[in-house]
Amino acid sequence: MKRIIIALALGITTASFTLAQQQRRPGGGGAPTSPAAATPAPSPGIANYAPKPGPNDLKLLMDSTITSSNTVTIKGAKVPYTATVGTQPVWDENGKAIAGVFFTYYERSDVKDRASRPLVISFNGGPGTASVWMHLAYTGPKLLNIDNEGYPVQPYTVKDNPNSILDVADIVYIDPVNTGYSRPANNSVPKSKFFGVNADIKYLAEWLSTFVSRKNRWSSPKYLIGESYGTTRVSGLALELQNANWMYINGVILVSPTNLGIERRGPVSEANMLPYYAATAWYHKALSTDLQKKDLVALLPEVEKFTIDELIPTLTMGGFVDPAKRKQIATKYAQYSGLSEKVILEHNLNIPTSFFWKELLRTRGYTVGRLDSRYLGIDSQDAGERPEYAAELTSWLHSFTPPINYYFRQVLGYKTDLKYYMFGPVQPWLRTGENADNTGENLRQAMAQNPYLNLLVQSGYYDGACDYFNAQYNMWQMDPSGVLKNRMEWKGYRSGHMMYLRQEDLVSANDDLRAFIKKSTPKASQPAKYTMAP
């Protein structure tokens, strides 16, 4: 009886629940099929739910899916698709299921031959956050209800996404363990199996190999897209999939990338934030009249040149720089950043990002957002060294949390009493020893070994956490010889970390994805090989 109650509480049939209890990694043939895959969940209503189990009983079904059909109009053309939502297990070295990973898979349903149909594999970051962000606001067939600049609007619902890339590629959104609805099998499973730079990459590569096999997508061109920490994840996955699972990727897309393990200590780290400061100050009209008259993309190259040619060399000399030169640099830094020369000299030409977010609009009574500096916050007092809260993240959680819960339950029919983790418990996240972050180098190696593999980087100018100039710096350091640069591309947008929240950038960023996929999908007769120049 206990099994039946739990299954009903999760909105899944008893037969599929029993399957989840007995599952082991299949040794051959097809993947196990759950009856829930063919049967929509019951309609909403309190009568469909048994009393909520205790915390030790409430568990995720590790191998169960529900599939539904829908149509979306993209770029003026109707696109029919199926949406499969559910879980697939993670197995340990003994073939025992140790976790269930939740995913949402969209497949265009009027395509008969998928050999040339691209598959986009999508991750978000954190590292403890779910795939909800790009799923419901960027590439998927549905959008949450927000205004044209990304601010929450009621009612909390979803609408069609006329810019989704589902017209040109199928998409799977994946929630790593302890994000979204994904969970370990039980409390005895070691956290070290999942929560570390390379542990994360290793189990997800194995999971993807199984997913691609189950969905018969080995012949398809494949693309990895990650946002924020998801860029660390997919950069490592490109090599892990290639070397440990013999799966070769056509493209990697980094949305608002981290440092990918590429060190930038000292003067480079201190100087590289100035172009972002300039973009933010320009947006808030905190620069001098002559600089404000310039368009943003005309101003930034000027700031970047100053950063590389003057600021970094000056910071390299530290306190031994000539006082007159020091003052000259401080004056120019002030002009580009919107801060006072006095404040810059007090900080020895090194302005911490947290201080900048507090200081730029201090006299106006506002702070600016870390992940998107267009967002304003209000602190209890104007004094202080850093904002009291992240204005942009608070707004985003407000925008996304109600719609994703509504969408899974009432649109896709997936019902569970588990909490959907927008941010889940994944700490401590291991980053040293065997989990040391070398993902930038991993990606370079993958590109060198696979002539098909191309890279697209997308950045928002107002992102202060994963800023656009350091994203470019990543590319420069990943390819010191310059031999791969023809397969690397960077795109900038007039928004922040999630550039797609701004309506204009939602359109252009998706169009850039389409162009990248088209360019990096080889012709049927094109071999993956290097050729010597004549």
Q: Using θ = phi - 60° and the Karplus relation 6.51 cos²θ - 1.76 cosθ + 1.60, list the HN-Hα couplings for region 310-319 in order, rounded to whole Hz, with x at every Gly or Pro.
A: 10, 5, 4, x, 5, 5, 4, 7, x, x
Q: Grab the eigenvalues of the alpha-carbon gyration tensor for the chain, scale each by 5, take roots, and send me the semi-axes largest first in whole angstrom.
A: 42, 27, 22
**Q.** Binned Cα-Cα distance frequencies in region 81-175 - 5 Å width, integer %
**A.** 3, 12, 18, 20, 18, 15, 8, 5, 2, 1, 0
Q) What percent does the relative contact order of region 173-311 come to when contacts are Cα pairs within less than 8 Å and at least six residues apart? A) 17
Q.
Let me spell out the model: positive unit charges on the Cβ of Lys and Arg, negative unit charges on the Cβ of Asp and Glu, origin at the Cα centre of region 160-246. What dipole size does that give, in debye rounded to 20?
A. 380
Q. Can you give the net charge of the other residues whose Cβ lies under 13 Å from the Cβ of residue 426, counting K and R as +1 and D and E as -1?
A. +3
Q. Residue 383: net charge of surrounding residues, Cβ under 10 Å, Lys/Arg +1, Asp/Glu -1, itself excluded?
A. -1
(Q) So, for the chain, what is the accessible surface per residue at a probe of 1.4 Å, expressed in square angstrom? (A) 42
Q: At q = 0.10, 0.19, 0.23 Å⁻¹, work out log10 I(q)/I(0) for region 392-505 with the Debye formula, treating every Cα as an identical point scatterer and leaving solvent out; two decimals please.
A: -0.50, -1.11, -1.18
Q. If you take the Cα Rg of region 275-354 and divide it by 2.2 N^0.38 Å, with N the number of residues, what do you get?
A. 1.06
(Q) What figure, in Å² to the nearest 10, do you get for the accessible area of residue 69 with a 1.4 Å probe and non-protein molecules left out? (A) 100
Q. So what does log10 I(q)/I(0) come out to for region 128-245 at q = 0.23 Å⁻¹, using the Debye formula with one equal point on every Cα and no solvent?
A. -1.40
Q: Find the percent of Cα-Cα distances in region 216-366 that exceed 28 Å, and round it to a whole number.
A: 38
Q: Give me the net charge of residue 486's neighbourhood, meaning all other residues with Cβ under 15 Å from the Cβ of residue 486; Lys, Arg count +1, Asp, Glu -1.
A: +2
Q | Theoretical FRET efficiency, 1/(1+(r/R0)^6), r = Cβ-Cβ of residue 328 and residue 116, R0 51 Å, to 0.05 | A | 0.30
Q | Cα-Cα P(r), region 293-415, percent of pairs per 10 Å interval | A | 12, 30, 27, 17, 8, 5, 1
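The values are calculated or read from the model by the stated rules, or taken from the named source; none is laboratory data. Nothing here was measured: the structure is a model prediction, and the numbers come from that model. Cβ sites come from the backbone with ideal geometry, for glycine too, and all protein chains shown count toward neighbours. For accessibility, only protein heavy atoms count, side chains too; no ligands or nucleic acids. Shrake-Rupley method; radii C 1.70, N 1.55, O 1.52, S 1.80 Å.
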